[in-house]
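The values are calculated or read from the model by the stated rules, or taken from the named source; none is laboratory data. Because the structure is a prediction, the values reported are computed rather than measured. A quick note on method: Cβ atoms are made from the backbone with ideal geometry, for glycine too, and the neighbour counts reach across all protein chains shown.
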Amino acid sequence: MKRMSLLLLRTALLVFVTYELGIVLAVFIIRRTPMMPYWMDMTIRYVLEAVRAEINDPWDISTIGLIGIFVVSWLVVGVLVFGLFQIAVRLINGRPRA
């Protein structure tokens, strides 16, 4: 039971850290770019056309771009946090890398 609660606590901590650092990274990226890059606009339009979605309001495309930035930021931070966690566990346990 103790092992299960430690696993749950560790998982919750990793999710929380990933969520918070992902938001920090996304806000940093959004604040550094005053306008949506052309390549992102064209990519969103291409994907929307490929799935035959109708977008009438141009603000919807910028909203999709913001959501995309947040999702990519969370993925990047999640991979980095998980990798650093694995390195820390190996250093603490003293296991040599195979």
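What to note about this one:
- When the residues of the range 43-66 are filtered to those that are in contact with a helix residue (DSSP H, G or I) (Cβ under 8 Å, 6 or more places away or on another chain) and within 18 Å of Ala26 (Cβ to Cβ), the one that is surrounded by the fewest Cβ atoms within 10 Å (Cβ to Cβ) is Leu66.
Conditions (1) among the hydroxyl-bearing types (Ser, Thr, Tyr); (2) in contact with a Pro (Cβ under 7 Å, 6 or more places away or on another chain); (3) over 20 Å from Leu75 (Cβ atoms), marked per residue:
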position: Ser5; (1), (2), (3): yes, no, yes
position: Leu14; (1), (2), (3): no, no, no
position: Val17; (1), (2), (3): no, no, no
position: Glu20; (1), (2), (3): no, no, no
position: Arg32; (1), (2), (3): no, no, no
position: Met35; (1), (2), (3): no, no, yes
position: Ile44; (1), (2), (3): no, no, no
position: Val47; (1), (2), (3): no, no, no
position: Ala50; (1), (2), (3): no, no, yes
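Conditions (1) within 11 Å of the chain's Cα centre (by Cα); (2) at pLDDT below 90; (3) surrounded by 10 or more Cβ atoms within 10 Å (Cβ to Cβ), marked per residue:
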site	(1), (2), (3)
Lys2	no, yes, no
Tyr19	yes, no, yes
Gly68	yes, no, yes
Leu80	yes, no, yes
Gly83	no, no, yes
Arg90	no, yes, yes
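- Odd one out for Ser73, checked against (1) surrounded by 10 or more Cβ atoms within 10 Å (Cβ to Cβ); (2) under 30 Å from Val89 (Cβ atoms); (3) modelled with pLDDT under 95; (4) not aliphatic (A, V, I, L, M): (3)
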